[in-house]
Amino acid sequence: MTAGVAAGPRYTGRFAPSPTGPLHAGSLVAALASWLDARAHQGRWLVRIEDVDTPRCVDGAGEFILRQLATCGLVPDAPPVWQSTRGALYQRALDQLIAQHHAYPCACSRKDIEEAQAALGHARERHAALPYPGTCRHGLHGRTGRSWRFNATEFQPDQALAHTDQAQVATYSIASGILDWQDRRLGTQRQDVAHAVGDFVLRRADGLWAYQLAVVVDDADQGMTHVVRGEDLADNTPRQILLQQALGVPTPCYLHTPLVCGENGEKLSKQNGARALELAVPLQALAGAAQVLGLPPLTDPNTRCISDALTLWVAAWRRNYNVAP
Ligand code: GLU
């Protein structure tokens with residue numbers, strides 16, 4: 001290290017698929033983008049299999065995804081981590097939040113919540129989840145707690161939220177409760193978490209860990225400096241920034257990638273029947289993902305192997321996202 005120049009933490013990024021089925025054209029975009037960003041920064045790229053939502057997980061899908069990634073030349077720099085083995089870490093984080101009075105038990109069933117929302121005169125719009133009405137925020141009133149929630153309504157993060165690269169990723173206005181955060185592709189984003197989602201679940205009534213808690217604990221524990229993932233997850237980011245603040249861990253830099261839409265115009269996902277990637281010619285699948293990311297096509301007939309294509313795209317990625325070589 002050069003004397004006097006403080007080195008930040010080494011770039012660490014990840015791809016974090018849920019093993020609910022094989023990779024499809026949409027998830028390959030996120031995988032490729034996160035790999036390219038890590039290589040563009042000469043950083044580490046890790047894979048985390050997010051298998052906490054066990055009813056949605058498919059046997060063998062995690063291993064299959066890892067094989068699909070390897071076929072595409074995307075090999076993690078350390079053995080993959082499986083969230084199902086990390087319950088003790090999530091419990092420790094929940095215990096910390098409870099001790100700090102940032103988490104509370106909730107006795108409400110889905111029906112209770114809908115009834116409380118209806119009583120408040122809130123009609124549910126199609127596909128729009130209404131914020132939790134706060135029924136259990138100040139006590140269970142003799143009922144039994146089923147889940148644990150983060151008290152987003154009363155939590156106040158610092159106004160200037162810390163970040164790993166000295167760049168400020170997010171700011172918070174105490175007066176308005178609005179969190180502004182920077183996405184490297186989408187620019188400034190804004191959410192009032194208390195009003196948009198309310199007090200969100202950390203541990204579900206069925207005992208399973210919620211995505212928000214697991215992802216924040218793991219990103220911090222694995223030293224993630226950068227998160228590159230699909231745009232459908234962008235509106236989860238403010239919740240994750242609040243949790244990072246509450247737990248006292250750094251906020252990574254975020255970049256949300258374009259989504260691939262199916263014929264019905266909706267995001268391609270395993271839920272709406274996305275087909276598993278056709279990997280007989282992996283370079284073709286990668287070229288499709290690269291196109292979605294605005295990267296150059298493989299016009300040079302000499303670019304026939306995956307590693308040449310990846311090298312070309314790393315250079316293009318650096319230009320697109322101003323990453324110094
Ligand atoms: N496991 C999540 C998914 O497959 C991604 C989580 C993340 O990248 O933060 O949608």
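Only the coordinates and a few stated rules stand behind these numbers; no lab work does. Values in this document were obtained by computation on a predicted structure and should not be read as measured data. Using ideal geometry, Cβ is built from the backbone for each residue, glycine included, and neighbour counts are taken over all protein chains shown.
What percent do you get for the relative contact order of segment 1-107 when only Cα pairs under 8 Å and 6+ apart count?
On the way: 113 pairs, mean separation 29.8, N = 107.
This gives 28 percent for segment 1-107.
Size of segment 14-109 along its principal axes in angstrom, Cα-based, largest extent first?
Result, largest extent first: 45, 31, 22 Å.
Explain nothing, just the number: relative contact order of the chain, from Cα pairs under 8 Å at least 6 residues apart, as a whole percent.
24 percent
In deg cm²/dmol, rounded to 500, what helix-only [θ] at 222 nm does the chain give when every DSSP H run of at least 4 residues adds -39500 (n - 2.57) and the total is split over its residues? It would help to have the intermediate numbers written out before the result.
Working: 9 runs with 102 residues, N = 325.
The helix-only estimate for the chain comes to -9500 deg cm²/dmol at 222 nm.
Using the Karplus curve 6.51 cos²θ - 1.76 cosθ + 1.60 with θ = phi - 60°, work out ³J(HN,Hα) for each residue of segment 107-120 in order, rounded to whole Hz, and write x for Gly and Pro.
9, 6, 8, 4, 5, 4, 5, 4, 5, 5, 5, 5, 5, 7
Cβ neighbours within 10 Å, averaged per peptide: list 103-109, 138-144, 293-299 in order, most packed at the top. Before the final figure, lay out the partial values.
On the way: 103-109: 19.7, 138-144: 10.1, 293-299: 14.6.
For the peptides 103-109, 138-144, 293-299, the packing ranking is 103-109, 293-299, 138-144.
With a point put 7 Å past each Cα toward its Cβ, work out how far residue 316 is from residue 144 in nm, to one decimal.
Placing both labels 7 Å beyond Cα along the Cβ direction yields 5.8 nm.
Over segment 149-283, what relative contact order in percent results from Cα pairs under 8 Å that are six or more residues apart?
25 percent
Taking only Cα atoms, what is the 0 to 90° angle, nearest 10, from helix 87-99's long axis to the longest principal axis of the chain?
Helix 87-99 sits roughly 40 degrees off the main axis of the chain.
Using a cut-off of 15 Å between beta-carbons, work out the net charge of the residues near residue 318 (Lys and Arg +1, Asp and Glu -1, residue 318 not included). Walk me through the intermediate numbers first.
Details: positive: 39, 184, 185, 319; negative: 37.
Taking every other residue near residue 318 into account, the sum is +3.
For segment 58-152, which chymotrypsin sites (Phe, Trp or Tyr not before Pro) are both in a DSSP coil and crowded by at most 15 other Cβ atoms within 10 Å? Intermediate values should be presented prior to the final figure.
On the way: sites: 64, 82, 90, 148, 150; in loops: none.
Filter output for segment 58-152: empty list.
Can you list residues whose amide H is under 5 Å from residue 15's amide H, if they're 5+ apart or on another chain and H is modeled 1.01 Å from N?
46, 47, 48
Give a residue-ordered list of calculated ³J(HN,Hα) values for segment 131-144 (Karplus: 6.51 cos²θ - 1.76 cosθ + 1.60, θ = phi - 60°; whole Hz; x for Gly, Pro).
So the J values, rounded to whole Hz, are x, 4, x, x, 3, 9, 4, 10, x, 8, 6, x, 8, 9.
If amide hydrogens are placed 1.01 Å from N in the peptide plane, which non-local residues have theirs closer than 5 Å to the one on residue 58?
The list, which skips near neighbours in sequence, is 20, 21.
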